[in-house]
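Notes follow the structure.
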Amino acid sequence: MARELHIDVTSPAQGPALRRAAMLTDGVLSDLYIDRVERPTLAGAVIRGRVTRIVAGMNAAFVDIGTGRDGLLPAADVRVPQGRDKGAPKDRPAARPQGPIGTALRAGQTIIVQVKADPVGAKGALLSMDVALPGRFLVHTPLAAGIHVSKRLGQGASAAAERARLTTVVRDAVPVSSQGRAGGWAGGWIVRAAAAGVPADWLAQEAEALAMDWRGVARAGDGPPATLLAAPHAGIRALMEQTGQPVSAILVDDRAAAGQDLYAELRRWCDDRAADLLPVLKRVPAGLPLFDGGDLDGAIATLLRPRVPLRGAAAGSLVIERTEALTVIDVNGGEKGDPLAVNLAAVPEIARQLRLRNVGGIVVVDFINLSRPPDRERLILALTGAVADDPGNTQVYGMSRLGLVEMTRQRRGPSLLDLVAADAPTPGVLSDDDDAVM
């Protein structure tokens, strides 16, 4: 299976300047990352904020994060140090507060938060104090403790042996002292399933880089609201999420980057925490349009259309429509299509479209009606398996009597349609016609 990652920056003359990263698997677009250059995502950023008010009725706090609009911090995402002795390190493992949020926070207090979701419409950014710093193979949880290996690694003797190896490798890379501090680095670690079979030195390099990221945050001290660790843009997100498996090439076209050397930035990132990628990271020569040459622009354009033809022997199509409350996917069969065959052919395409269009929230799929319970069960199992590797956490809740399948998918920034629309409103900024208040 050949996998190539293509990364570029579009020219502002063609519309909103976009950073784009496209993964091609055997020549077919399988994953897509896009963000706007002039308004990058906040999701993942670590920010020094200031509590502006506590709302007891919501059991939440509003926090000034320096963007002109307060973010929302629910009580479930508040973390407080387990020890508040004078001189105790600020990055000690933390715990959820016992009782209402007002017992843990006060107005005017300076806190460190991470953006879980970008602002949307009248809603501000969703925040958490439970910081998690992701890498390709590891996630550093500086306010937690212990080493945890992903359940996606599987079951059985071989998986158990690999789980033990990975735990040992990470423990050796970040040795924990008697005070619970790992090589001077507090916190815990989550080992991702992509780490299976990865050499120890790769994991050690990434662990050190992630720990240093947090050390810079912890040393920031008090002050006005400010971004302490910027959110990764589309190119870096793709490197983190798509290179856990082997890639044959990472091709970069940054001629339209308006003075920003995207290739040099990505090379520094790889040199710092993913040295194994340096041999396949290449800048595209002048005169070779990266996305045009592979017809990626055309493939991306089709993602803005509601109708998606199903590939393969089964005739049929999908119709994808977004409403304010949810996204609806209708599975249509051909004139002589077998219902089960068409439904099963639709499953991988549904999973692919959810990822490529960056659909978030509630999703309802109207499959072709199946009368036999075993066929329904087979379909649900196929759909659950198809979305299992989605970087955005996706849950399948079964089929109703009407043949409707309810799903949810983690929101990961604006949808593709919102990003590429030239007149799309800036997330979190009200238009003149809006009178909603937070």
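The values are calculated or read from the model by the stated rules, or taken from the named source; none is laboratory data. Model, not experiment: these values are computed from the prediction. Counting neighbours? That spans all protein chains shown, and the Cβs are built from the backbone with ideal geometry, glycine included. The accessibility values were calculated without ligands, DNA or RNA, using every heavy atom of the protein model including side chains. Shrake-Rupley method; radii C 1.70, N 1.55, O 1.52, S 1.80 Å.
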- request: Report, by residue number, each residue of region 354-378 that is touching a residue at least 24 places away in the same chain (Cβ under 8 Å), in a helix (DSSP H, G or I) and surrounded by fewer than 18 Cβ atoms within 10 Å (Cβ to Cβ).
  value: ASP375, ARG378
task: Kindly check whether there is at least one residue in region 8-15 that is over 24 Å from ILE250 (Cα atoms) and in contact with a Gly (Cβ under 9 Å, 6 or more places away or on another chain).
output: no
- prompt: In this structure, is LEU370 more than 21 Å from VAL420 (Cβ to Cβ), over 23 Å from the mean Cα position of the chain (by Cα) and either at pLDDT 90 or above or of a type in the set (Phe, Trp, Tyr) (or both)?
  reply: no
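Residues checked against (1) within 19 Å of the chain's Cα centre (by Cα); (2) closer than 23 Å to ALA388 by Cβ; (3) open to solvent by 30 Å² or more (accessible area, probe 1.4 Å); (4) not small (Gly, Ala, Ser):
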site: TRP189; (1), (2), (3), (4): yes, yes, no, yes
site: ALA196; (1), (2), (3), (4): no, yes, yes, no
site: ASP201; (1), (2), (3), (4): no, no, yes, yes
site: ALA204; (1), (2), (3), (4): no, no, yes, no
site: GLY216; (1), (2), (3), (4): no, no, yes, no
site: ALA231; (1), (2), (3), (4): yes, no, no, no
site: GLY235; (1), (2), (3), (4): yes, no, no, no
site: ALA238; (1), (2), (3), (4): yes, yes, no, no
site: GLN242; (1), (2), (3), (4): yes, yes, no, yes
- line: Taking first residues from region 21-48 that are open to solvent by 10 Å² or more (accessible area, probe 1.4 Å) and second residues anywhere that are hydroxyl-bearing (Ser, Thr, Tyr), the pairs with Cβ under 6 Å that are 6 or more apart or on different chains are ARG39/THR426
message: Would you confirm whether or not region 379-396 contains a residue that is open to solvent by 30 Å² or more (accessible area, probe 1.4 Å), farther than 29 Å from GLU241 by Cβ and at pLDDT 85 or above?
response: no
- prompt: Looking at region 336-351, which of the residues that are over 11 Å from LEU310 (Cβ atoms) and assigned to a helix (DSSP H, G or I) is most open to solvent (accessible area, probe 1.4 Å)?
  reply: PRO339
query: With respect to SER415, is the statement that it is of a type in the set (Gly, Ala, Ser) and open to solvent by less than 70 Å² (accessible area, probe 1.4 Å) true?
result: yes
message: Just checking, does region 256-267 include any residue being in contact with a helix residue (DSSP H, G or I) (Cβ under 7 Å, 6 or more places away or on another chain) and touching a residue at least 24 places away in the same chain (Cβ under 8 Å)?
response: yes
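Looking at region 39-46, is at least one residue within 29 Å of TRP214 (Cβ to Cβ), part of a strand (DSSP E or B) and not hydroxyl-bearing (Ser, Thr, Tyr)?
Within region 39-46, one or more residues are within 29 Å of TRP214 (Cβ to Cβ), part of a strand (DSSP E or B) and not hydroxyl-bearing (Ser, Thr, Tyr).
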- request: Evaluate the following for GLY108: is it open to solvent by 20 Å² or more (accessible area, probe 1.4 Å), closer than 26 Å to THR67 by Cα and part of a helix (DSSP H, G or I)?
  value: no
field: Members of region 293-329 that are at pLDDT below 85, within 24 Å of the chain's Cα centre (by Cα) and open to solvent by 70 Å² or more (accessible area, probe 1.4 Å)
entry: GLU324
- request: Would you check if there is a residue in region 420-431 being assigned to a helix (DSSP H, G or I) and either surrounded by 18 or more Cβ atoms within 10 Å (Cβ to Cβ) or modelled with pLDDT under 80 (or both)?
  value: yes
message: Within region 122-144, does at least one residue satisfy the condition of being closer than 20 Å to ASP35 by Cα, among the charged types (D, E, K, R) and out of contact with any Asp or Glu (no Cβ under 9 Å at 6 or more places or on another chain)?
response: yes
field: Cross-chain or 6+ apart pairs with Cβ under 6 Å, region 397-423 first and within 16 Å of GLY360 (Cβ to Cβ) and of a type in the set (D, E, K, R), then surrounded by fewer than 20 Cβ atoms within 10 Å (Cβ to Cβ) and at pLDDT below 80
entry: ASP418/ALA424
task: Residues being in contact with a Leu (Cβ under 8 Å, 6 or more places away or on another chain) and crowded, with 21+ Cβ neighbours inside 10 Å: count how many of those fall in region 142-160.
output: 2
